[in-house]
Structure formats: structure tokens, C-alpha cells
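Below you'll find the structure, written out as C-alpha cells, and then a few comments.
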Amino acid sequence: VHRRRLLILSVFAAAAFAGCGSATTPLMHYGTPPPPTASPSLAPSASPAGGNTASLSEWKVQVASTLAAGKSTIKITNAGAIPHELLVFKSDKEASAYPLNPEGGIIEEGGGVTLVSDGENVEPGGSQVRVLNLSPGKYLFVCNIPGHFKAGMFTVVTVGP
Ligand SMILES: [Cu+2]
């Protein structure tokens with residue numbers, strides 16, 4: 001009885017081993033791990049070290065709603081289809097109370113607002129790096145190309161201490 005049982009066990013083990021081998025062989029062919037791919041969240045949004053980003057498009061200025069006071073670098077990109085610009089005004093005024101010219105654009109030297117940063121237009125797909133040095137207060141980040149402010153191309157940013 002003992003011998004017979006051992007024989008059955010060893011036959012079973014041999015069969016299992018063979019089955020195992022034929023099952024794992026194809027897996028070893030197809031199972032090679034794919035080359036590591038970069039995480040998408042790490043890839044595209046390259047920005048200057050410690051800097052902020054501003055994205056311009058029709059008709060939005062997308063930037064963090066709060067920024068730290070002091071010197072900072074901001075990378076401005078134009079994600080839209082037409083040229084845009086980024087102006088930064090400091091003022092306690094609401095955006096709707098900014099001094100306007102007859103066409104609805106902001107009068108850049110107007111009363112109660114201070115233009116603190118200006119630059120060249122940014123072409124579609126282009127970018128521009130700008131250094132800001134902002135004291136605490138309320139700011140308007142805006143595109144003042146004729147018609148763009150009127151179309152809503154601005155955002156309010158609070159600079160904290
Ligand atoms: Cu614009």
C-alpha cells in the first residue's frame with residue numbers, strides 16, 4: 001500500500017511539473033516587462049525652477065489665484081490660436097472698475113491702477129519667461145490687446161505676505 005501510494009504521488013508530481021513547464025514557457029516569452037515609461041504628470045509642464053506658470057488663451061488668463069510676495073519667475077505660454085499678452089496691474093479696484101478707453105481696453109496709465117509688469121505679445125504656441133517682484137496686495141493679470149479684456153481675458157490674483 002505504501003509503495004503504490006508513493007508511485008501515484010510521484011507520477012502526479014511529474015505530470016504537474018510537466019504541465020507547469022509547458023504553461024510557463026509561453027509566459028516567459030510574452031512576460032518580459034515593458035520599458036519604463038515616464039509618468040505623464042511629470043512630462044510636459046516644465047517650468048522654471050521654483051516658478052509659476054500663466055496660460056493665455058481665448059479668453060482666459062489662467063494663473064494661480066494666490067502668489068507669494070517677492071521675486072518670482074513666471075513662465076507665460078500662449079495656448080490659444082491668436083497672439084496674446086500678459087500685463088500685471090496692482091490695484092484695490094474691482095476689475096469692473098478699471099479705467100477704460102472707449103474701446104473697452106484698460107487705460108494703462110489710468111488713475112488708481114499701476115502697471116507693474118508688461119512684455120511683448122506671445123505668439124500662439126509660444127512662451128515667455130518673466131521675472132515678477134510683487135508686494136502684497138491685489139492684482140489683475142490681464143491681456144489688454146484691444147477687445148480681449150472686454151471678452152473676459154483677465155484674472156484676479158492675491159499676493160500674500
Ligand atoms: Cu489676448
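Laboratory data are not the source of any read-out in this text; all were calculated from the coordinates shown. Fair warning: this is a prediction, and the values are worked out from it, not measured in the lab. Counting neighbours? That spans all protein chains shown, and the Cβs are built from the backbone with ideal geometry, glycine included.
With N set to the number of residues, divide the alpha-carbon radius of gyration of the stretch 83-161 by 2.2 N^0.38 Å and report two decimals.
It is 1.06.
Residue separation times 0.36 nm, minus the C-alpha to C-alpha distance between ASN121 and ASN101: what's the value?
Net length gain for the segment: 5.2 nm.
Fewest first, what order do VAL116, VAL159, VAL142 take by the number of other Cβ atoms within 10 Å?
Ascending number of Cβ neighbours within 10 Å: VAL116, VAL159, VAL142.
Cα gyration tensor of the stretch 59-127, axes a ≥ b ≥ c as square roots of the eigenvalues: rounded (a/c below 1.5), prolate (a/b > b/c) or oblate?
Cα axes put the stretch 59-127 in the oblate bin.
Please report the net charge: other residues with Cβ closer than 11 Å to the Cβ of LEU134, K and R +1, D and E -1.
With Lys, Arg at +1 and Asp, Glu at -1, the net is +3.
Subtract the Cα-Cα distance of LYS71 and LYS150 from 0.36 nm times their separation in residues, and report this length gain in nm to one decimal.
Taking LYS71 through LYS150 to full extension adds about 25.5 nm, to one decimal.
Might you report the magnitude of the Cβ-based charge dipole of the stretch 41-161 about its Cα centre, with Lys and Arg at +1 and Asp and Glu at -1, to the nearest 20 debye?
Roughly 400 debye, rounded to the nearest 20.
What does the charge add up to near VAL159, with Lys and Arg as +1, Asp and Glu as -1, over the other residues with Cβ less than 13 Å from its Cβ?
Combined, the nearby Lys, Arg, Asp and Glu give +2.
What is the set of long-range amide H partners of ILE76 at a cut-off below 5 Å, with H atoms built 1.01 Å from backbone N?
Result for ILE76 returns ALA54, GLN128, VAL129, ARG130.
Under the rule of at least 5 residues apart or a separate chain, name every residue whose amide H is placed under 5 Å from the amide H of GLU85.
Hits under the 5 Å cutoff: VAL122, ASN144, ILE145.
Under 15 Å from the Cβ of PHE149, count the other residues' Cβ atoms, weight Lys and Arg +1, Asp and Glu -1, and hand me the total.
Combined, the nearby Lys, Arg, Asp and Glu give -3.
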